[in-house]
1. Students often check this: by mean Cβ neighbours within 10 Å, which of 53-61, 38-46 ranks highest, and how do the rest follow?
2. No solvent, one uniform scatterer per C-alpha: report log10 I(q)/I(0) for segment 1-142 via the Debye equation at q = 0.13, 0.17 1/Å, two decimals.
3. Does a label point 7 Å from the Cα of Glu49, set along Cα-to-beta-carbon, have any residues of segment 12-26 with amide nitrogen under 17 Å, and which are they?
4. Under 1.5 on a/c is rounded, so check that first for segment 113-242, then, if it is not, pick prolate when a/b is larger than b/c and oblate when it is not; a ≥ b ≥ c are the square roots of the alpha carbon gyration tensor eigenvalues.
5. To two decimal places, what compactness ratio does the chain give when its Cα radius of gyration is scaled by 2.2 N^0.38 Å?
6. May I ask you to evaluate 6.51 cos²θ - 1.76 cosθ + 1.60, the Karplus curve with θ = phi - 60°, for each residue of segment 41-57 and list the ³J(HN,Hα) values in order in whole Hz, giving x for glycine and proline?
7. What's the extension gain from Ser85 to Thr151 if we count 0.36 nm per residue and subtract their Cα-Cα distance?
8. Hey, got the dipole for segment 113-242? About the Cα centre, +1 on K and R Cβ, -1 on D and E Cβ, debye to the nearest 20?
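Values in this text are rule-based calculations from the coordinates and carry no lab data. From a predicted model like this one, the values you see are computed outputs, not experimental measurements. Cβ sites come from the backbone with ideal geometry, for glycine too, and all protein chains shown count toward neighbours.
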Amino acid sequence: MTAGQRRPERRAAVLGSPIAHSLSPVLHRAAYQALGLDGWSYDRFEIDEDTLPGFLGDLPEGDWAGLSLTMPLKRAVIPLLDEISETAASVEAVNTVVFTDDGRRTGDNTDIPGMLAALRERGVEKVDRAAVLGAGATASSALAALSRICTGPVTAYVRSEARAAEMRQWGERLAVEVATADWADAAFAFSAPLVVATTPAGTTDALAASVPDLPGTLFDVLYEPWPTRLAAAWADRGGAVVGGLDLLVHQAVLQVERMTGHTPAPLEAMRQAGERALRGRTAEG
């Protein structure tokens, strides 16, 4: 720190690998600006499972307010924390660490309530059945969210029996009625009133041609590139679409509130900052 620089009042950051394209700094910094937290800073660090313990151990006590975590750290961080919330424990995933005034490290998961908030914003509060495309870590968070709003079965479309077994186990753990089906039949998912796509970029492109007229709601967790072919086809056929930026913003809102103590966090300012950043990336591309 050079002479004349103001020492940050509190620090926060996002950790993960890879992390270079994370939008979290854009969202959190926009929140700090809107809240008038001029002394707060938010950075990004390339950290994996091997370097995480050393990074946490070297943090100066009292300087740091919290951390956002992305893959592959959401599970690896758990043994390094003093406590985690019930929400985080339900899916064995922590995406938020808050440092308390007494020096404790507490873990939470804002992905699950962020999903619910994003759906609620689009008018989806209850469904009688749903479908999930994919079976990774995001799919388990989707099941946790669906456990709170879906009154009937959830069908997970997966590529292997091992993945199917994992989803059924998550269903039992989360008290969700989970049926599994082969990925080759994924187009049948589109009859459900809510479809959650949790797969990597490009995976659902071939399904775009199978979207029916007037489908229900699609929650596609990707935000870049956007729209995905599936999301574009869904909107073209009159369906409601919730995107990955919606999820990212809503979970970041909850992180800001937990780390700063300021409630409510500035949702619209954060959303607009995220949209500007994505437009800028598209223009550069």
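1. 38-46, 53-61
2. -0.65, -1.06
3. 16-18
4. oblate
5. The reported ratio for this selection is 1.02.
6. With coefficients 6.51, -1.76 and 1.60, one gets 10, 9, 10, 10, 9, 7, 9, 10, 4, 6, 8, 4, x, x, 4, 5, x Hz.
7. Stretched fully, the Ser85-Thr151 segment lengthens by 21.3 nm.
8. Computed charge dipole of segment 113-242: roughly 240 debye.
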